[in-house]
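These notes concern the structure reproduced below.
The values are calculated or read from the model by the stated rules, or taken from the named source; none is laboratory data. Quantities reported herein were computed from a predicted structural model and do not represent experimental measurements. Positions of Cβ are backbone-derived with ideal geometry, glycine not excepted, and every protein chain shown enters the neighbour counts. Calculation scope for accessible area: heavy atoms of the full protein, side chains included, ligands and nucleic acids excluded. Shrake-Rupley method; radii C 1.70, N 1.55, O 1.52, S 1.80 Å.
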Amino acid sequence: MRAAGLITGASSGIGRSLAREHARRGRDVVIVARREDELEELASELRERYGVTVQVYVKDLTEAGARQGLFDFLEAEGIEIDYLFNNAGFGGNARFSEQDWSTVSAMIELNVTAVTELLHLFLPGMKARGRGWILNTSSTAGFMPGPLQAVYFATKAYVNSLSKAVASEVDGTGVSVTVLCPGPVETEFADRAGFAEDNAMMGQGASPSSVARQAYTAMEAGRLEVINELGLQVVIKGLLPLLPERLVMSVIKRMQS
Ligand SMILES: NC(=O)c1ccc[n+]([C@@H]2O[C@H](COP(=O)([O-])OP(=O)(O)OC[C@H]3O[C@@H](n4cnc5c(N)ncnc54)[C@H](OP(=O)(O)O)[C@@H]3O)[C@@H](O)[C@H]2O)c1
């Protein structure tokens with residue numbers, strides 16, 4: 001495979017669009033998620049439109065040994081990963097005390113542990129080869145506490161922190177780490193997170209293709225962070241640090257309810 005990219009959560013939303021961005025540059029791709037039909041459909045599209053090699057890998061990344069198994073499979077196939085898109089993730093709209101532990105624990109396993117382990121598995125090879133591009137999909141949720149999505153916001157705060165610290169550690173090695181922090185995006189995310197149809201989060205988002213395009217360009221340029229809209233950048237970087245935290249949380253709580 002040529003300039004292979006590994007994309008988790010490629011069966012829908014931002015990951016699917018990232019796969020298209022990668023393939024349209026003539027780069028081969030390994031796509032991972034649980035839904036085989038969606039992955040196979042995407043693989044056929046990418047092969048036909050861009051003439052690239054696509055490897056489909058169907059896996060629940062929260063399963064024990066899943067990330068090591070993926071790494072071992074790629075090693076055995078002789079597939080070198082130059083681009084890692086740590087993108088799979090999910091949220092959950094509920095009071096923390098009322099959320100099932102199984103949901104909380106799977107969210108931490110996917111949004112935190114899988115992201116960390118994949119980074120840990122693929123980074124040494126990239127450093128040894130002196131080239132690598134990593135894009136971790138976080139969220140603007142990572143910049144504040146999020147009542148009614150407490151665990152989700154906390155997982156994304158972790159991804160922001162980890163990504164930036166590792167980006168600093170690999171400075172000058174030929175490897176870059178970029179963290180993507182989108183606001184709402186029109187994907188299956190809000191539906192799966194349990195938001196009601198009339199929630200402020202629904203129907204207001206950016207298109208996954210526009211977010212993926214911006215993210216891919218930022219990753220190629222080795223940027224540290226990408227927030228997908230200027231208005232959001234102003235709010236997150238300019239306004240948020242000036243506001244009392246209790247006020248921010250009451251606004252977030254209203255938006256999530
Ligand atoms: N949409 C938004 O408003 C928004 C905003 C900011 C950040 N984000 C972040 O963007 C990333 C992508 O989400 P999206 O918006 O594109 O939502 P999405 O359409 O629901 O896509 C999520 C992807 O993750 C995969 N996935 C979920 N659980 C998995 C598991 N256990 N094992 C393997 N793959 C799994 C899903 O595939 P399968 O179900 O087939 O496994 C799907 O491909 C997430 O990290 C999310 O937190 C989204």
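Of the residues making up region 54-91, those that are in contact with a Ser or Thr (Cβ under 7 Å, 6 or more places away or on another chain) and not aromatic (F, W, Y) number 5.
Figure legend. Inter-residue proximity from region 145-162: first residues more than 15 Å from L110 (Cα to Cα), second residues of a type in the set (K, R), beta-carbon distance below 9 Å, spacing 6+ or different chains. Indicated pairs: G146/K156; G146/K253; P147/R95; P147/K253; L148/R95; L148/K253; A150/R95.
When you look at L135, is it assigned to a helix (DSSP H, G or I) and at negative phi, yes or no? Steps first, please.
Details: assigned to a helix (DSSP H, G or I): no; at negative phi: yes.
Here the answer is no, as L135 does not meet what is asked.
The set of residues in region 34-51 being open to solvent by 10 Å² or more (accessible area, probe 1.4 Å) and not charged (D, E, K, R) consists of S44, Y50, G51. Checking M126 against (1) surrounded by 17 or more Cβ atoms within 10 Å (Cβ to Cβ); (2) touching a helix residue (DSSP H, G or I) at 6+ places or on another chain (Cβ under 7 Å), only one condition comes out false. Which one? Among (1) surrounded by 17 or more Cβ atoms within 10 Å (Cβ to Cβ); (2) touching a helix residue (DSSP H, G or I) at 6+ places or on another chain (Cβ under 7 Å), the lone unmet condition for M126 is (2).
Evaluate region 81-91: report whether one residue or more is modelled with pLDDT of 95 or more, under 17 Å from the mean Cα position of the chain (by Cα), within 30 Å of G146 (Cβ to Cβ) and surrounded by fewer than 23 Cβ atoms within 10 Å (Cβ to Cβ). Yes; the residues of region 81-91 include at least one that is modelled with pLDDT of 95 or more, under 17 Å from the mean Cα position of the chain (by Cα), within 30 Å of G146 (Cβ to Cβ) and surrounded by fewer than 23 Cβ atoms within 10 Å (Cβ to Cβ).
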